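**Student:** If you scroll down you'll find the structure; I have some questions about it.
Each reported figure results from applying straightforward, stated rules to the coordinates on display, with no laboratory input. Computed from a prediction, not measured in an experiment: that's the story for all the values here. Methodologically, a virtual Cβ is constructed for each residue, glycine included, from the backbone with ideal geometry; neighbour enumeration extends over all protein chains shown.
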Amino acid sequence: MADILFINANVAVEPYPVYPIGMAVASRALEEHGHHVVQYDLLQQERSLDKLITTLHNLSPDYVCMSLRNIDNVDYFTSHREWYLDGYRRLIHAIRSHLPVPIICGGPGFSVMPQTILQYIGADYGIRGEAEEELPRLICALENRNAPPSPAVIEAAPLPPSRQMRPRFIPQLVNYYIEQGGIIGLPVKRGCPYQCAYCTYPIIEGKKFRQRTYADIISDIRYLKYECGIQQIFFTDSVFNDPLGEYLHFARTLAEAQLDIQWGAFFSPRTLHPDALEILKESGLFAIELGTDAASDTTLAGMNKGFTWEQVCRFQEEADKLQLPVAHYVIFGGPDETPDTVKEGIDNLSHFRNAVVFAFTGVRILPGTKIHQRAVAENIIHAEHNLLHPVYYISPHTPVEWLNETLTNAFRGNRMRIFPPEKGREMTDVMKRFGYKGLLWD
């Protein structure tokens, strides 16, 4: 059996550091096949190449695996400097200069454009999608000298719940992320059946919701609470409230487990069953992040959201009744945006007095998305455009300088309206210095 060093290469810390759940899941899968795995987190190790090289020499692994969570920070204003692929490439070069072993990459960032990223960063192999089965299979093939020639990308099909692995949590690493951010992310299900214009979730995780078993989720939460002392969890599903109401069954199961955990999640206004928020609050829901994404019916349709502004307002009203804090994420400048819809959107948002709004300019164009197709059709980019570096869709009907000035003026002086995104980072940095943790917008 092989010795494997598994590196979480993510160095993004905004709005808070994200626990490397993908590395934890894939590590357990490798261990189940008899391999010895050391999980190594760049953030925990202060991004130090010297510490990494020392670990390489001490362990002398047979293989190095790397989880790549992000390509950039998808912020129109700062993604040119928050672009992470050069860092991954330097990391791989440093590893190769000290140890000539196969390097295998994966993760959500990698899976967005695997062939292009693999070529750019110079790894040997990549796995697109869920790695629980394909990664051990690739290691076995490498051990038996019958692996495909490198460089190569292995396509992994979405796994049914019965074949999904639980994470292998490392208590010291959990404690680090609690200390840094105060909250740990955990999936309840994978996949997304929706077709939002910009989104890569269906590409990465498949086009159907696949609910994890309740027993596995509750076991994970129980471990995190009683072994690691966590008090808050963020469920990292693409959309927590599925149309069939499975989320309500899970919430009742969570309440029955009496774990006394606070939790938040991403929601959609598209689906809200009767008394849903009340049931969820009783199970520990304390904060809602809403994938609103646009602020008028015209731009909601342009983003292919599948719901109306009336549904957004209804969701907000239900949350207000229960005093549940809500954060709306809204992108201005998307498909069919005009100066009139910008003004309409700002006015619509002004009625949400008890909600935080994170506003963004433009849509990061990623391959395989509807926004990519539209950008090509409108001659914003050509079909073969290399999208490794950030490119943004801005409606041709809305001058970007005017848009940014209008949003800045509209939200100036309102601490519940965050624009540009850098403003939010400045606010959270101040709160962190005073010792606040968790979902700081709340």
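**Student:** Could you put Val188, Val376, Val356 in order, starting from the residue whose Cβ has the fewest other Cβ atoms within 10 Å?
**Tutor:** Numbers: Val188 24, Val376 15, Val356 21.
So the residues, fewest neighbours to most, are Val376, Val356, Val188.
**Student:** When Trp309, Trp263 are ordered from fewest to most other Cβ atoms inside 10 Å of their Cβ, what list results?
**Tutor:** Values: Trp309 20, Trp263 23.
By the 10 Å Cβ count, ascending: Trp309, Trp263.
**Student:** Does a label point 7 Å from the Cα of Asn175, set along Cα-to-beta-carbon, have any residues of the stretch 204-248 with amide nitrogen under 16 Å, and which are they?
**Tutor:** Backbone N within reach: 224-231.
**Student:** So which aspartates and glutamates can Lys370 reach, going by Cα to Cα under 14 Å and dropping same-chain residues fewer than 8 places off?
**Tutor:** Straight-distance partners of Lys370: Asp336, Glu378.
**Student:** Could you run the Karplus curve 6.51 cos²θ - 1.76 cosθ + 1.60 with θ = phi - 60° over the stretch 270-281 and give me ³J(HN,Hα) per residue in whole Hz, x for Gly and Pro?
**Tutor:** 5, 10, 8, 6, x, 6, 4, 5, 5, 4, 5, 5
**Student:** What is the dipole size for the stretch 183-433, taken about its Cα centre, with +1 at each Lys and Arg Cβ and -1 at each Asp and Glu Cβ, in debye to the nearest 20? Before the final figure, lay out each step's value.
**Tutor:** On the way: 26 positive and 31 negative charges, 92 e Å.
Magnitude of the dipole: close to 440 debye.
**Student:** Let me ask another. Where a Cα-Cα gap under 12 Å defines reach, which aspartates and glutamates qualify for Lys321, not counting those fewer than 8 residues away within the same chain?
**Tutor:** Asp275, Glu278
**Student:** Would you work out if the stretch 45-137 is rounded, prolate or oblate? Take a ≥ b ≥ c from the square roots of the eigenvalues of the alpha-carbon gyration tensor; rounded if a/c is under 1.5, else prolate when a/b is larger than b/c, oblate otherwise.
**Tutor:** oblate
**Student:** So how compact is the stretch 3-161: Cα radius of gyration and Dmax in angstrom?
**Tutor:** Considering the stretch 3-161 through its Cα atoms, Rg and Dmax are 14.9, 48 Å.
**Student:** Okay, next question. So for the chain, taking the charge dipole from beta-carbon charges (+1 Lys/Arg, -1 Asp/Glu), which of Ala123, His382, Leu99 sits furthest toward the positive end?
**Tutor:** Leu99
**Student:** Report the FRET efficiency, 1/(1 + (r/R0)^6), for Tyr329 and Gln258, where r is their Cβ-Cβ distance and R0 is 41 Å, rounded to 0.05.
**Tutor:** Working: r = 32 Å, r/R0 = 0.79.
FRET efficiency, Tyr329 to Gln258: 0.80.
**Student:** Tell me the mean residue ellipticity at 222 nm calculated for the chain from its helices only (DSSP H runs of n ≥ 4, each -39500 (n - 2.57), averaged over every residue, nearest 500). Spell out each step's value before the answer.
**Tutor:** Values: 17 runs with 174 residues, N = 442.
After summing the helix terms and dividing by residue count, I get -11500 deg cm²/dmol.
**Student:** If neighbour count is taken as other Cβ atoms inside 10 Å, put Phe286, Phe307, Phe360 in order from fewest to most.
**Tutor:** Details: Phe286 16, Phe307 20, Phe360 23.
The most exposed by this proxy come first: Phe286, Phe307, Phe360.
**Student:** Within 10 Å, at most 11 other Cβ atoms, and a DSSP state outside H, G, I, E, B define an exposed site. Report the longest part of the chain free of exposed GluC sites (Glu not before Pro).
**Tutor:** Values: sites that count: Glu46, Glu384.
That gives 47-383 as the longest site-free run.
**Student:** Right, next: If you find the alpha carbon centre of the stretch 104-171 and of the stretch 286-330, how far apart are they in angstrom?
**Tutor:** 36
**Student:** If amide hydrogens are placed 1.01 Å from N in the peptide plane, which non-local residues have theirs closer than 5 Å to the one on Leu285?
**Tutor:** Close amide H contacts, sequence-distant or interchain: Trp263.
**Student:** Using a 4.7 Å cut-off between beta carbons, which cysteines in the chain end up with no partner cysteine at all?
**Tutor:** Cys65, Cys105, Cys140, Cys192, Cys228, Cys313, each lacking another Cys Cβ under 4.7 Å.
**Student:** For the stretch 306-422, count the residues as N, evaluate 2.2 N^0.38 Å, and divide the Cα radius of gyration by that value, please. Present the calculation step by step, with values, prior to reporting the outcome.
**Tutor:** Details: Rg = 15.8 Å, N = 117, 2.2 N^0.38 = 13.4 Å.
In units of the 2.2 N^0.38 Å rule of thumb, it is 1.18.
**Student:** Still on this model: In straight Cα distance, which lysines are under 22 Å from Lys343, not counting same-chain residues fewer than 8 positions off?
**Tutor:** Result set, ordered by chain and number: Lys305, Lys423.
**Student:** Let me ask another. Find which of Leu49, Ile331, Trp309 sits farthest along the positive direction of the dipole of the chain, computed with +1 on the beta-carbon of Lys and Arg, -1 on that of Asp and Glu, about the Cα centre.
**Tutor:** Among Leu49, Ile331, Trp309, the one farthest towards the positive end of the dipole of the chain is Leu49.
**Student:** List the residues, sorted by chain then number, that are 5 or more residues from Ala2 or on another chain and whose placed amide H is less than 5 Å from its amide H.
**Tutor:** Under 5 Å from the amide H of Ala2: His36.
**Student:** Same structure, new question: Go through (i) 1.08; (ii) 1.13; (iii) 0.98 and flag the label whose value is the computed Cα Rg over 2.2 N^0.38 Å for this structure.
**Tutor:** Calculated Cα Rg over 2.2 N^0.38 Å: the matching label is (iii).
**Student:** What does the extension gain come out to for Ile53 and Thr213, with contour length at 0.36 nm per residue minus their alpha carbon separation?
**Tutor:** Details: separation 160, 0.36 × 160 = 57.60 nm, distance 3.90 nm.
Extending this stretch completely gives an extra 53.7 nm.
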